[in-house]
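Colleague: Below you will find the structure I want to go over with you.
The values are calculated or read from the model by the stated rules, or taken from the named source; none is laboratory data. For clarity, every value in this text was computed on a predicted model and none was experimentally measured. No Cβ is skipped: glycine too gets one built from the backbone with ideal geometry, and neighbour counts run over all protein chains shown. All accessible areas refer to the heavy atoms of the entire protein, side chains included, with ligands and DNA or RNA removed. Shrake-Rupley method; radii C 1.70, N 1.55, O 1.52, S 1.80 Å.
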Amino acid sequence: MTLIEVRSLSRRFGGLQALSQVSLALGRGEILGLIGPNGAGKTTLFSAVTGFLRPDSGSVWLDGQEITGLPPHAICRRGLARTFQLVQPFPELTVADNVMVGAFNRTRSAAAARRRGLEVLALTGLAPLAGRPAHALSIGLRKRLELARALATGPRALLLDEVMSGLTPTEVRETAEVIRGIREGGVSIIVIEHVMAAVMGLSDRIAVLHHGELIATGSPAEVAQDPRVIDAYLGEPLADWSA
């Protein structure tokens, strides 16, 4: 059953057509990988879906209800959260307090928000760092914190924008396991990623953007061998797409 449906979404910036009639769907319990070259429109798509940009045309639906044009906080309250490539935690707050801020999306109770925050810290492997100030974290852990803050909002769907880029191989594997755990908890996920082994190993399906157009969708195995994707992005077929 479909949770998110994007219908013919378009967005132009002056003379640049950033998105052109993009249509895709995210099923309940699914991890959908979104790949493509830099400038393909991936982050623009996330911003249009989550209310940070208004599309020029097309629509976005969450669980059968249209959310096109709603402000980001309203979309978040309906159960759709995202992360950002540039992570900006509250540097002087602790890891626990940063996550607690996200939890206030669902409650006004500080005690309830703290309980939710501690649950998310455990799920994301950040519990041992709960009392550490955010500015003391490595970039890899800051990205994990960004993921935890979004998860604390209580989403049904989570859009992850390059949460594994720039990480060590060990950090990539750990983050992939965290994402799998989030999916097992009932959250559907779209993940933008350039780490091919990770995104191919995580995803049930892959969607490929190029110059703002959706050029392919399919299983990781199908997309890894698709001539259009190889020509636009991969450069050569992927013999092994397992993480």
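Colleague: Please go through segment 212-225 and pick out each residue that is surrounded by fewer than 24 Cβ atoms within 10 Å (Cβ to Cβ) and either outside any loop (DSSP other than H, G, I, E, B) or at pLDDT 95 or above (or both).
Modeller: Matches in segment 212-225: Gly212, Glu213, Leu214, Ile215, Ala216, Thr217, Gly218, Ser219, Pro220, Ala221, Glu222, Ala224.
Colleague: Considering only segment 140-156, I want to know if a residue exists there that is touching a residue at least 12 places away in the same chain (Cβ under 8 Å), open to solvent by less than 10 Å² (accessible area, probe 1.4 Å) and part of a loop (DSSP other than H, G, I, E, B).
Modeller: Yes, that holds for at least one residue.
Colleague: Please verify whether segment 83-101 includes one or more residues that are under 28 Å from Ile215 (Cβ atoms) and either among the β-branched types (Val, Ile, Thr) or open to solvent by less than 20 Å² (accessible area, probe 1.4 Å) (or both).
Modeller: Within segment 83-101, one or more residues are under 28 Å from Ile215 (Cβ atoms) and either among the β-branched types (Val, Ile, Thr) or open to solvent by less than 20 Å² (accessible area, probe 1.4 Å) (or both).
Colleague: Next up: Within segment 57-70, which residues are within 18 Å of the chain's Cα centre (by Cα), within 14 Å of Phe46 (Cα to Cα) and either surrounded by fewer than 15 Cβ atoms within 10 Å (Cβ to Cβ) or touching a residue at least 40 places away in the same chain (Cβ under 8 Å) (or both)?
Modeller: Val60, Trp61, Leu62
Colleague: Where residues in segment 177-204 are among the small types (Gly, Ala, Ser) and within 18 Å of Ser219 (Cβ to Cβ), which of them is most open to solvent (accessible area, probe 1.4 Å)?
Modeller: Result: Ala197.
Colleague: Take Leu19 and decide whether it is open to solvent by 20 Å² or more (accessible area, probe 1.4 Å) and under 18 Å from Asp161 (Cβ atoms).
Modeller: For Leu19, the condition - open to solvent by 20 Å² or more (accessible area, probe 1.4 Å) and under 18 Å from Asp161 (Cβ atoms) - is not met.
Colleague: A further question on this structure: In segment 157-171, which residues are at positive phi and assigned to a helix (DSSP H, G or I)?
Modeller: If the condition is that a residue be at positive phi and assigned to a helix (DSSP H, G or I), then no residue fits.
Colleague: Mind checking which strands (runs of 3 or more DSSP E) fall wholly inside segment 1-57 and carry at least 1 residues that are within 11 Å of Gly212 (Cα to Cα) and modelled with pLDDT of 95 or more?
Modeller: Per the criteria, 2-13, 16-27.
Colleague: For segment 173-197, enumerate the residues that are closer than 17 Å to Ile35 by Cα, in a helix (DSSP H, G or I) and in contact with a Gly (Cβ under 9 Å, 6 or more places away or on another chain).
Modeller: Ala176
Colleague: List the pairs whose first member sits in segment 113-124 and is over 12 Å from Ala103 (Cα atoms), whose second member is part of a helix (DSSP H, G or I) and basic (Lys, Arg), and whose Cβ atoms are under 7 Å apart, counting only residues at least 6 apart or on separate chains?
Modeller: Thr124/Arg144
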